[in-house]
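Heads up, the thing below is written out as structure tokens.
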Amino acid sequence: MSLLNQSITFLYSICGIGLLAVYIPQALMIWRDQEGARAVSLWSWGVWTFTSLVTLLYAALVVKDLPWVGVSTGHLIGCATVYGLTLLRRRQFERREVGPKLPIPGVAR
């Protein structure tokens, strides 16, 4: 492998690791959101999570490129975390809005 290829591979790996840090502020904003994270698009993050999975599988099984596998794994973890936290916060918000289901006297469930 040439010095140029090695340098690009190294930079790709470093950028991939650094890019993981970009998911942290998004996850923190979702976690702190008290309104069910309505501003976060589940559709977009779901698509990004799915495409990250496909990319990881392609990198691992077809291309067999370890740096690409590493970066793709990080992206999948980041996207899935944002997607999962958004779902969690929305469910928590909906439960809080609806409130607990109290038994109705005389009505069997």
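Projected onto their three principal axes, the Cα atoms of region 7-91 cover extents of 44, 22, 14 Å, largest first.
Label zone (Leu88, point 7 Å along Cα-to-C-beta; backbone nitrogen cut-off 16 Å) within region 32-61: 32-38. Between Tyr58 and Arg38, the modelled label-to-label distance comes to 3.6 nm, taking each label 7 Å out from Cα in the direction of the beta carbon.
We did not get these values from a lab; they are worked out from the coordinates using the rules stated. Here the structure is a predicted model, which means the values were calculated and not measured. Methodologically, a virtual Cβ is constructed for each residue, glycine included, from the backbone with ideal geometry; neighbour enumeration extends over all protein chains shown.
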